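Q: Take this structure, written in structure tokens, and hold onto it; I'll ask about it next.
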Amino acid sequence: MTRLVYVLNGPNLNLLGKRQPHIYGHETLADVEAAVRELAKELQLEVRFHQSNREYEIIDWIHEARETAGGIVINPAAFTHYSVAILDALNAFDAPVIEVHISNVHKREEFRHHSFVSARADGVIAGFGTQGYTLALRRIAFLMDQKK
Ligand code: CA2
């Protein structure tokens, strides 16, 4: 089993830490990536960390992960709430998937309460701030080790 994990981020998450800190906090996506990489070292995982505002790029990374990765951590951002295409791509990926949301989507507008991705995710983390990413990585490492 490969020790490679993809950490995928959807649209507008490149603005993290630069706008709406009352919802998403002060950390930037570069800070999140640094924290994920530090933990990955401890867990002896290799990480590919990506962000895109384009749905097809996220789908292409999921396809790539089918060949190479042992798990996916994904914050699909707004795609969460309407992308059947991302759900379909994840359904073709056989290893663990953890869905992360920085904010507690269930405390927000009604349209954020439904996630297409949750129908595939092995676990969902919401409302833990950017800490959700490292919690998700720990869970992926646990699930990967369990499968050995
Ligand atoms: O809470 C989350 O992580 C979300 O996935 C973030 C998405 C939102 O559409 C989901 O409902 C919940 C939005 C990401 C946009 O991120 C920004 C960060 C800073 C400034 C502006 C946007």
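The values are calculated or read from the model by the stated rules, or taken from the named source; none is laboratory data. Treat the numbers as computed from the prediction; the structure is a model and nothing was measured. When we count neighbours, we look across all protein chains shown, and the Cβ atoms used for this are built from the backbone with ideal geometry, even at glycine. Surface areas here come from the heavy atoms of the whole protein model, side chains and all, with no ligands, DNA or RNA. Shrake-Rupley method; radii C 1.70, N 1.55, O 1.52, S 1.80 Å.
Q: Of the heavy-atom accessible surface of the chain (probe 1.4 angstrom), what whole percent is carbon and sulfur?
A: 49 percent
Q: For the chain, what does the helix formula give at 222 nm: sum of -39500 (n - 2.57) over DSSP H segments with n ≥ 4, over the residue count, nearest 500 deg cm²/dmol?
A: Calculated at 222 nm, the ellipticity per residue is -12000 deg cm²/dmol.
Q: Enumerate by residue number the GluC sites (Glu not before Pro) in the stretch 95-136 meeting two conditions: DSSP loop (anything except H, G, I, E, B), and at most 14 other Cβ atoms within 10 Å of the site's Cβ.
A: Hits after loop and neighbour filter: Glu109.
Q: Counting only C-alpha contacts under 8 Å and six or more residues apart, can you give the relative contact order of the stretch 83-148 as a whole percent?
A: Relative CO of the stretch 83-148 lands at 39 percent.
Q: Any idea of the accessible area per residue across the stretch 45-90, 1.4 Å probe, to the nearest Å²?
A: 42 Å²
Q: Something else now. For the chain, what relative contact order do you get, as a whole percent, if you take Cα pairs closer than 8 Å and at least 6 residues apart?
A: Rounded, it is 28 percent for the chain.
Q: So if I place +1 on the C-beta of Lys and Arg and -1 on the C-beta of Asp and Glu, and nothing else carries charge, what would the dipole magnitude of the chain be about its Cα centre? I want it in debye, nearest 20.
A: In total the dipole reaches around 280 debye.
Q: For the chain, what are the per-bin percents of Cα-Cα distances with bins 10 Å wide, up to the bin holding the maximum?
A: Percent of pairs per bin, in order: 12, 46, 36, 6, 0.
Q: What are the principal axis extents of the Cα atoms in the stretch 67-148, in Å, biggest first?
A: 41, 27, 15
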